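See structure below.
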Amino acid sequence: MGSCLYDISNNRFIDAAFCAKPDERSCAVSHMERYEKLRPGDQMSMFILDRGYPSIGLIQEFEKRGMTYLMRCRTKSNCDIDALLLGCDTTVDIGSSPVRVVKFELDSGQVETVITNDTGHDAEDFRKIFFLRWGIENSYDLLKNRFQVENFTGKTENTLKQDFWTTILASTMLMVMEEDIDEQLRKEREGKENKYEYQVNRNKFIGIMRDDFIHALTARNQVTLIMKRAQTFVCPITPDRTVPRAKNKRKTKFHHNLKSNC
């Protein structure tokens, strides 16, 4: 299992874990331990987690470390939480820990339940905060679909680790360079009457990195040349754009002989 701790505000991977055991909660604890070393004393950040994470053990880990969490809660995970009505904002004891429960309705009509140990925000704030998880989904889309991290080049342990950590390095470099390129695009188009703002075309950028990434690590000024090439491929930022999720009918996501982004 691969897992990442992603900083939504700064668009960066803070930590990553690659484990033989598929246990999301153990990965979350390892991210917390790493975060404490990287940002000691930080009591302001909030960890946003999806519905596979809530458990008594993980909640107690957050309480022990003095960290704030916001977790999406699936149905049938706790009878007391399931019994609460839509629009509730109340406290339920899970194990020995008091947990704040908020239920709200999405625009699609689906009822969403979140649990947290935060007492300073209003209930409506959690709806807005949880929607920030879209940044996390985009980061995993980058890893899984654009860089095809699950499409390994071999089957040995070293090959799997090499593919995983190379992808983490490449995607982190991409995020950093994208930020610089987008800032340059904003400056160049400042004052122009464009309908939309523009950003670098991520698909094209990944193709450029695929061709020149290794060379960029060994040659002087090659990273600058990569950025200049990528800057010629832009696309508009269209607000409120939605794309339906396509279902993959294959048992495996990638053909075993296909590795286009290695």
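The values are calculated or read from the model by the stated rules, or taken from the named source; none is laboratory data. Keep in mind that what you see is a predicted model, and the values were worked out from it rather than measured. Note that each Cβ is placed from the backbone with ideal geometry, even for glycine, and that neighbours are counted across all protein chains shown. Only protein heavy atoms, including side chains, enter the accessible area calculation; ligands, DNA and RNA are left aside. Shrake-Rupley method; radii C 1.70, N 1.55, O 1.52, S 1.80 Å.
For the chain, modelled as a Gaussian network with Cα springs under 10 Å, which listed residue fluctuates most, Lys144, Lys195, Lys228?
Lys195
Would you mind checking the tilt of helix 202-218 against the longest principal axis of the Cα atoms of the chain, expressed as 0 to 90 degrees and rounded to 10?
For 202-218 against the chain, the angle is about 70 degrees.
Quote to one decimal, in nm, the extra length available between Gln184 and Lys64 on full extension: 0.36 nm per residue of separation minus the C-alpha distance between them.
38.8 nm
How would the range 82-233 be classified by its alpha-carbon gyration tensor: rounded, prolate or oblate, with rounded meaning a/c under 1.5 and the a/b versus b/c comparison settling the rest? Please report the intermediate quantities before stating the final value.
Working: a/c = 3.11, a/b = 1.65, b/c = 1.88.
The shape class here is oblate.
Report the calculated FRET efficiency for Cys79 and Arg127 (r = Cβ-Cβ distance, R0 = 25 Å), to the nearest 0.05.
My answer for the efficiency is 0.55.
Leaving out ligands and nucleic acids, note down the accessible area per residue over the chain with a 1.4 angstrom probe, in whole Å².
It amounts to 63 Å² per residue over the chain.
How far apart, in nanometres, would the label points at Met1 and Asn203 be if each is projected 7 angstrom from Cα along the Cα-to-Cβ direction?
Result: 3.2 nm between the two label points.
Keeping the other protein chains in place, figure out the carbon and sulfur percent of the accessible area of the chain, with a 1.4 Å probe.
On the way: 8180 of 16550 Å².
Whole-percent figure for carbon plus sulfur exposure: 49.
Quick one: length gained pulling Arg39 to Asp107 fully straight, 0.36 nm per residue minus the C-alpha distance?
Result for the pair: 20.9 nm of gain on full extension.
Please give me the summed charge of the neighbours of Ile56: other residues whose Cβ is under 11 Å from its Cβ, Lys and Arg +1, Asp and Glu -1.
The answer is -2.
Extension gain Leu160-His215, at 0.36 nm per residue separation less the Cα-Cα distance, in nm?
17.6 nm
Suppose R0 equals 41 Å; then what is the FRET efficiency for Tyr196 and Arg51 from their Cβ-Cβ distance, rounded to the nearest 0.05? Spell out each step's value before the answer.
Numbers: r = 34 Å, r/R0 = 0.83.
The formula returns an efficiency of 0.75 here.
Where the only charges are on Cβ atoms (+1 Lys, Arg; -1 Asp, Glu), what is the dipole of the range 1-107 about its Cα centre, to the nearest 20 debye?
The dipole magnitude comes to about 240 debye.
If the range 31-80 were replaced by its equivalent ellipsoid, with semi-axes equal to the square roots of 5 times the Cα gyration tensor eigenvalues, what would those be, largest first, whole Å? List each step's numbers first, then the result.
Working: eigenvalues 108, 21, 16 Å².
They are 23, 10, 9 Å, listed from largest to smallest.
Per 5 Å bin, what is the whole-percent P(r) computed from every C-alpha pair distance within the chain?
1, 5, 10, 13, 15, 15, 14, 12, 8, 5, 2, 0, 0
Run the helix sum for the chain: -39,500 (n - 2.57) per DSSP H stretch of 4+ residues, divided by residue count, reported at 222 nm to the nearest 500 deg cm²/dmol. Walk me through the numbers before you get to the answer.
On the way: 8 runs with 104 residues, N = 262.
Computed ellipticity for the chain at 222 nm equals -12500 deg cm²/dmol.
Give, as a single signed number, the net charge of other residues whose beta carbon lies under 11 Å from the beta carbon of Arg65, with Lys and Arg counted +1 and Asp and Glu -1.
Overall, the nearby charge balance is -4.
By DSSP, what percent of the beta bridges with both residues in the chain are antiparallel, rounded to the nearest 5?
Rounded to the nearest five, the antiparallel share is 85 percent.
Check which residues have an amide H placed less than 5 Å from Val234's amide H, if you skip close sequence neighbours.
Placed amide hydrogens put Asn201 under 5 Å from Val234.
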